[in-house]
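S.K.: Sending over a structure as structure tokens; questions will come in a sec.
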Amino acid sequence: MSEQLEKNNSVMYLKSEFKPTVYSTLIDEVDLGILLELGSIGAGHAATALSQVLQQQVTINIPRIHTIPPHELPKHYEKHEEPTTAVYMQIANNDCDILLAFDAVEAKKIAAIMTMAPSVEELDPAMEESAIQELGNILIGSFLTAISDFTGIQLIPTTPQRVIDTFDSIIDNFVVKQAITSDNALIFDTQFKRSNEDAKSILILFPSPQLQKQLVQKSKEQMIN
């Protein structure tokens with residue numbers, strides 16, 4: 001799988017010393033490592049797509065993966081009342097929520113670049129919403145396509161929805177759903193950077209336990225073949 005990863009990623013990675021902490025006994029370290037590799041493949045494609053859209057190099061932190069009790073999500077990110085613009089999507093044929101969250105100021109900067117607005121102050125609100133939704137489409141679509149190509153599992157995202165609120169308020173909606181379906185939320189946590197500044201953006205996936213098992217099983221089959 002490492003060879004596949006090297007072939008798929010054409011952007012520079014910012015190395016991380018992160019070691020995943022496992023709170024759940026339902027996922028062993030081998031399976032968690034496989035899911036982390038899948039996240040790396042998807043994130044590499046997403047960063048390449050973002051580089052093409054913005055016409056500037058985008059780097060990403062190697063995706064981190066966590067299994068966290070849902071109620072600990074707000075504490076995990078420590079963003080709390082930060083103004084945030086997010087794009088929310090689901091996978092139509094699997095139970096999986098996807099959230100692409102940007103610092104509100106960064107979202108406006110990216111929207112201005114995408115719409116070729118003279119400045120952030122002159123950015124049309126309707127154009128900004130359309131640009132951010134399209135950005136979510138491109139990034140999430142690239143992420144899922146890379147994972148689908150490797151595993152053979154069809155992952156079709158729904159229409160993106162833009163949300164503007166504080167970070168914790170946006171996350172709270174996911175906490176409620178995750179708490180109902182599982183004692184632990186499996187989170188792919190990928191942070192993007194562009195040019196020489198922190199883009200302050202996070203891509204989070206909440207795959208269902210069933211989808212987790214499918215991804216691991218198909219990946220193991222690819223490794224054997």
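S.K.: Would you mind telling me which numbered condition in (1) at pLDDT 80 or above; (2) closer than 21 Å to G39 by Cβ; (3) of a type in the set (V, I, T) V163 fails?
M.R.: V163 satisfies all of (1) at pLDDT 80 or above; (2) closer than 21 Å to G39 by Cβ; (3) of a type in the set (V, I, T) except (2).
S.K.: Which condition number does L144 fail, the rest of (1) outside any strand (DSSP E or B); (2) more than 14 Å from L100 (Cα to Cα) being met?
M.R.: Result: L144 passes all but (2).
S.K.: Within segment 83-97, identify whether any single residue is modelled with pLDDT of 85 or more and surrounded by fewer than 18 Cβ atoms within 10 Å (Cβ to Cβ), and answer yes or no.
M.R.: Yes, segment 83-97 has at least one match.
S.K.: Spot the failing condition for I65; the list is (1) touching a Gly at 6+ places or on another chain (Cβ under 7 Å); (2) part of a helix (DSSP H, G or I), and only one is missed.
M.R.: Status for I65: all satisfied but (2).
Quick grid of which residues meet (1) part of a strand (DSSP E or B); (2) within 16 Å of F174 (Cα to Cα):
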position	(1), (2)
H71	no, yes
D97	yes, yes
L100	yes, yes
E106	no, no
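S.K.: Under 22 Å from S142 (Cα atoms), part of a helix (DSSP H, G or I) and among the small types (G, A, S) - does that describe any residue in segment 78-87?
M.R.: No, segment 78-87 contains no residue that is under 22 Å from S142 (Cα atoms), part of a helix (DSSP H, G or I) and among the small types (G, A, S).
S.K.: Looking at (1) touching a residue at least 12 places away in the same chain (Cβ under 8 Å); (2) assigned to a helix (DSSP H, G or I); (3) more than 18 Å from the chain's Cα centre (by Cα), can you tell me which one D165 breaks?
M.R.: Of the numbered conditions (1) touching a residue at least 12 places away in the same chain (Cβ under 8 Å); (2) assigned to a helix (DSSP H, G or I); (3) more than 18 Å from the chain's Cα centre (by Cα), the odd one out for D165 is (2).
S.K.: Which one of these is among the small types (G, A, S) and within 19 Å of I202 (Cα to Cα): S142, S148?
M.R.: Values: S148 fails: within 19 Å of I202 (Cα to Cα).
Within the list S142, S148, the selection yields S142.
S.K.: Look at segment 25-80 and say how many of its residues are within 15 Å of P207 (Cα to Cα), of a type in the set (V, I, T) and at pLDDT below 85.
M.R.: 4
S.K.: Here is a check on your reading of the model: is I180 more than 18 Å from the chain's Cα centre (by Cα) and either β-branched (V, I, T) or in a strand (DSSP E or B) (or both)?
M.R.: On the way: more than 18 Å from the chain's Cα centre (by Cα): yes; either β-branched (V, I, T) or in a strand (DSSP E or B) (or both): yes.
Yes: the conditions hold for I180.
S.K.: Which ones in segment 63-82 are crowded, with 18+ Cβ neighbours inside 10 Å and touching a Ser or Thr at 6+ places or on another chain (Cβ under 6 Å)?
M.R.: P63, T67 - these are the residues of segment 63-82 that are crowded, with 18+ Cβ neighbours inside 10 Å and touching a Ser or Thr at 6+ places or on another chain (Cβ under 6 Å).
S.K.: Can you say whether Q154 is more than 26 Å from A126 (Cβ to Cβ), modelled with pLDDT of 80 or more and either among the aromatic types (F, W, Y) or surrounded by fewer than 21 Cβ atoms within 10 Å (Cβ to Cβ) (or both), as far as the supplied structure shows?
M.R.: Working: more than 26 Å from A126 (Cβ to Cβ): yes; modelled with pLDDT of 80 or more: yes; either among the aromatic types (F, W, Y) or surrounded by fewer than 21 Cβ atoms within 10 Å (Cβ to Cβ) (or both): yes.
Answer is yes for this residue.
S.K.: Search segment 30-61 for residues being polar (S, T, N, Q) and in a helix (DSSP H, G or I), and hand back the single one that is surrounded by the fewest Cβ atoms within 10 Å (Cβ to Cβ).
M.R.: So, considering only residues that are polar (S, T, N, Q) and in a helix (DSSP H, G or I), the one surrounded by the fewest Cβ atoms within 10 Å (Cβ to Cβ) is Q52.
S.K.: Would you confirm whether any residue within segment 171-190 is within 26 Å of D28 (Cα to Cα), of a type in the set (D, E) and at pLDDT below 90?
M.R.: yes
The values are calculated or read from the model by the stated rules, or taken from the named source; none is laboratory data. Remember, predicted model here, so these are calculated numbers, not experimental data. Because the Cβ atoms are built from the backbone with ideal geometry, glycine has one as well, and the counts that use them run over all protein chains shown.
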